[in-house]
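Participant: Here it is: the structure, laid out below.
The values are calculated or read from the model by the stated rules, or taken from the named source; none is laboratory data. Just so it is clear, the structure is predicted and the values come from calculations on it, not from any experiment. In this analysis, Cβ positions are derived from the backbone assuming ideal geometry, glycine residues included, and neighbour counts consider all displayed protein chains. The protein model used for the area step is the full one, side chains on, heavy atoms only, and it has no ligands, DNA or RNA in it. Shrake-Rupley method; radii C 1.70, N 1.55, O 1.52, S 1.80 Å.
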Amino acid sequence: MERRQFLRGTAALAAAGPVAARAAPLAPNWSSLADGYAVPDWFRDAKFGIWAHWGPQCVPEAGDWYARQMYEQGRGPYDLHVQRYGHPADTGFMDIIGRWRAERWDPAALVKRYKAAGAKYFVGMAVHHDNFDLFDSPHAWNSTRVGPKRDIIAGWRDAARAEGLRFGVSNHASHAWHWYQVAYNYDPEGPRAGQRYDAARLTKADGAGKWWDGLDPQELYTGETLAAPDGFTTRAQMDAWAGATSGRWMEFAPAANPRFVANWLARQKALVERYDPDLVYFDDFGVPFGPVGLEAIAHFYNHAAKRSGRADVVLTAKQLTAFQRQALVEDIERGFSDRLRAEPWQTCTCIGEWHYNRRRFDEKSYVPARAVLQRLADIVSKNGNLLLSVPVRGDGSIDSEEERIVDQIGAWLRVNGSAIYGTRPWRTFGQGPTDLAGGMFNEGQVDKLGARDVRFTAGGGGLNAIFLGWPEGPATIAALGTRAAGRIERATLLGGGSVTMQRTVEGLTLTLPPAPAGAMLPVVRLEGAGLV
C-alpha cells in the first residue's frame, strides 16, 4: 500500500509538471487551489531549512510563550517577570518590546553559517502570537517603529538571497486575539490580588511623551474579549477559566473582534507583497478564519505567479485533510510521519525551545546534532523536509553550543548530502525494530533510534542506505535480499571507500569499518542495474 500511494502521488506530480501561469487567477476556494497548485521541485529537492523563530519574547531568555505566561500567576515566566521587571499590572509585555534592541544581530553572518550547515532555505519569523510584527507592516506595533527599529524580515530576506537560499516567513498572529487575553486578567492570590494587568488599563493617551507615544496598547493586546470575570481567589480557578477560554487553540474568526481579522489579512498580504517570500508558514490547524485564510492563500499563489509566471512557492499548515494537502504542504510540528507519504510534507522542530532559553545553554541540554540528523534521514526517506529552528538570543546572536551543533550538522551534510538533497523516496522508506508513531509533539521517540534502523533514499546515482547509528558489526538489510528487484554491484561508504557486502535471500549484509572519532550516521551508496 505504501508503495502504491507513493507512485500515485509522484505520477500526479509528474503529470502536472511545473505550475504554469493560469489564464485566470486562482480563486479563494479549495477546489480552485487544489486544481491549480503543485509543490515546486525546489522544495522537494531542498530537504533541509533553518528557521529563526526570533522576536521580543527572546529578550528574557526564558523560553516559550513568555508573552502569555508572564500573565499567569504560578508559572516560571510570571515569577521571573515580577523579580526582574516588576508586576505585570505595572510592567507588561509591551515593556519587554521596548527593551528589545537586537544589538548583536548580524543576519548576513548567521545565514552564511546556516548555508555552510547545509540549509537550502531559510525562514524568518514575521510575527508570533505576541502580535508584534517584525517587518514594515500596516500594523503600527512593528519592529521598524519600536524595539530595535529595524526591519527584521528585510534583513533576513537580504541575507538569504545573498547566499542563494530560498526565503520563507512564518506567521503565527492568527491566534493572538485569544492567546493574549490573559493580559487582561489579574492575580487571584497574593498582595496584589484582583488588580488587573496592564492591558486592562492602558490606552493610547497613556503613551504621551513615552517611548510608545502614538501607539495604542489595545492594538497590541488585541482588545478585551475573553478576560476573566472578577472574583477568582485561587490559581486553580483562574487556570481553569483561562484553559477553557483563551487557552483553547481556535482557528475561527472572533465574533466580538472582526477588526482583528481584517487587520490580520492586510498584514499577511503586505508581508507577501513587500518581501516576495518563497514559503509562508501558517501556525494553524487547517486554515485560519475560514474564507479569510483562503483569500490569503490565493493571494500568495497569485502574487507569485504574477511575479515569476508560476506559483513556484509553498504554504504550510498543520493537520490537513487529504483534499487540503492538494493545495498546501502539511507541517507536522515536533513530530514524525509513520509512513511514506504521497505528498511532500515538512516537519518543524527546534534544537531547544521555540524562544531562546538560557537554561538550555547552561545545562548543555540542546538536541544534539546526531538526533537532528536521525530526524532528517527519517523525514527525507518518507518524502518530507526538515525545518530546524536554531533559537536566537534577544541580542540577535546564537550561543557557542548552538554554533557547535550547527557546524556538526554541516560537517555531516558535506560528506553525505548527496543522499539527502534532490533525492526521492525509494520503494519503501526503510526498516528496523523501531516503530515511530505518527503525529505532532511526539519527537521524544528519536531516542529509540539506532544502528539497526535504516532509511532509504534514491539519488546521487544509486540507492542510499542511511544507518541511524554506526553498526558495530555486520549489518543485514532484509529489504535488499535477493528477492528484491535489481542487482547490487557496488557498495560504497560515503566519505570512506568500498564496503564488503554479501547478498542472500535473507538480506544484504554490509560490513562497515569501525566508526571514526566523532562519526554519527554512516551512509552506504548501493549501485546496480534496476535498483532504483
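Participant: Identify the residue in segment 17-33 that is among the small types (Gly, Ala, Ser) and modelled with pLDDT under 95 and, among all such residues, is most open to solvent (accessible area, probe 1.4 Å).
Facilitator: Ala23
Participant: Next question, about the same structure. Could you say which residue among Pro60, Pro88, Pro56 is out of contact with any Gly (no Cβ under 8 Å at 6 or more places or on another chain), open to solvent by less than 10 Å² (accessible area, probe 1.4 Å) and on the phi < 0 side of the Ramachandran plot?
Facilitator: Values: Pro60 fails: out of contact with any Gly (no Cβ under 8 Å at 6 or more places or on another chain); Pro56 fails: out of contact with any Gly (no Cβ under 8 Å at 6 or more places or on another chain).
Criteria check complete, one pass: Pro88.
Participant: What number of residues in segment 143-184 are among the β-branched types (Val, Ile, Thr) and either open to solvent by 10 Å² or more (accessible area, probe 1.4 Å) or assigned to a helix (DSSP H, G or I) (or both)?
Facilitator: Here the count works out to 4.
Participant: Yes or no: Ala317 under 28 Å from Ile409 (Cα atoms), more than 13 Å from the chain's Cα centre (by Cα), open to solvent by less than 60 Å² (accessible area, probe 1.4 Å) and modelled with pLDDT of 95 or more? Please lay out each step first, then the result.
Facilitator: Details: under 28 Å from Ile409 (Cα atoms): yes; more than 13 Å from the chain's Cα centre (by Cα): no; open to solvent by less than 60 Å² (accessible area, probe 1.4 Å): yes; modelled with pLDDT of 95 or more: yes.
Answer is no for this residue.
Participant: Tell me, yes or no, whether segment 454-469 has at least one residue that is in contact with a Pro (Cβ under 9 Å, 6 or more places away or on another chain), more than 15 Å from Ala419 (Cα to Cα) and at pLDDT 95 or above.
Facilitator: Yes: segment 454-469 contains one or more residues that are in contact with a Pro (Cβ under 9 Å, 6 or more places away or on another chain), more than 15 Å from Ala419 (Cα to Cα) and at pLDDT 95 or above.
Participant: Now for a separate question. Report whether or not Val111 is within 19 Å of the chain's Cα centre (by Cα), of a type in the set (A, V, I, L, M, F, W, C) and not in a helix (DSSP H, G or I). Before you say what the answer is, go through the steps one by one.
Facilitator: On the way: within 19 Å of the chain's Cα centre (by Cα): yes; of a type in the set (A, V, I, L, M, F, W, C): yes; not in a helix (DSSP H, G or I): no.
Spelling it out, it is not the case that Val111 is within 19 Å of the chain's Cα centre (by Cα), of a type in the set (A, V, I, L, M, F, W, C) and not in a helix (DSSP H, G or I).
Participant: Which of the following residues is acidic (Asp, Glu), under 22 Å from Gly63 (Cβ atoms) and in a loop (DSSP other than H, G, I, E, B): Asp362, Asp395?
Facilitator: Working: Asp362 fails: in a loop (DSSP other than H, G, I, E, B).
The match here is Asp395.
Participant: Might you check whether a residue that is within 30 Å of Lys210 (Cα to Cα) and assigned to a loop (DSSP other than H, G, I, E, B) occurs anywhere in segment 44-54? Can you show your working first?
Facilitator: Going through segment 44-54, the residues within 30 Å of Lys210 (Cα to Cα) turn out to be 53-54.
From the residues that got through so far, the ones that are assigned to a loop (DSSP other than H, G, I, E, B) too are 53-54.
Scanning segment 44-54, I find at least one residue that is within 30 Å of Lys210 (Cα to Cα) and assigned to a loop (DSSP other than H, G, I, E, B), so the answer is yes.
Participant: Tally the residues that are open to solvent by 20 Å² or more (accessible area, probe 1.4 Å), free of Cβ contacts under 8 Å to residues at least 60 places away in the same chain and within 30 Å of Leu340 (Cβ to Cβ), restricting the search to segment 368-407.
Facilitator: Pass one, segment 368-407, residues open to solvent by 20 Å² or more (accessible area, probe 1.4 Å): 368, 370, 393, 395, 400-401, 403-404, 407.
Subsequent filtering for residues that are free of Cβ contacts under 8 Å to residues at least 60 places away in the same chain retains 368, 400-401, 404.
Retained after the next criterion (residues that are within 30 Å of Leu340 (Cβ to Cβ)): 368.
Within segment 368-407, residues that are open to solvent by 20 Å² or more (accessible area, probe 1.4 Å), free of Cβ contacts under 8 Å to residues at least 60 places away in the same chain and within 30 Å of Leu340 (Cβ to Cβ) number 1.
Participant: Follow-up. Just give me the residues in segment 36-78 being of a type outside the set (A, V, I, L, M, F, W, C) and either at pLDDT below 95 or closer than 23 Å to Val380 by Cα (or both), in sequence order. Give the derivation first.
Facilitator: Filtering segment 36-78 down to residues of a type outside the set (A, V, I, L, M, F, W, C) leaves 36-37, 40-41, 44-45, 47, 49, 53, 55-57, 60-61, 63-64, 66, 68-69, 71-78.
The answer is Gly36, Tyr37, Pro40, Asp41, Arg44, Asp45, Lys47, Gly49, His53.
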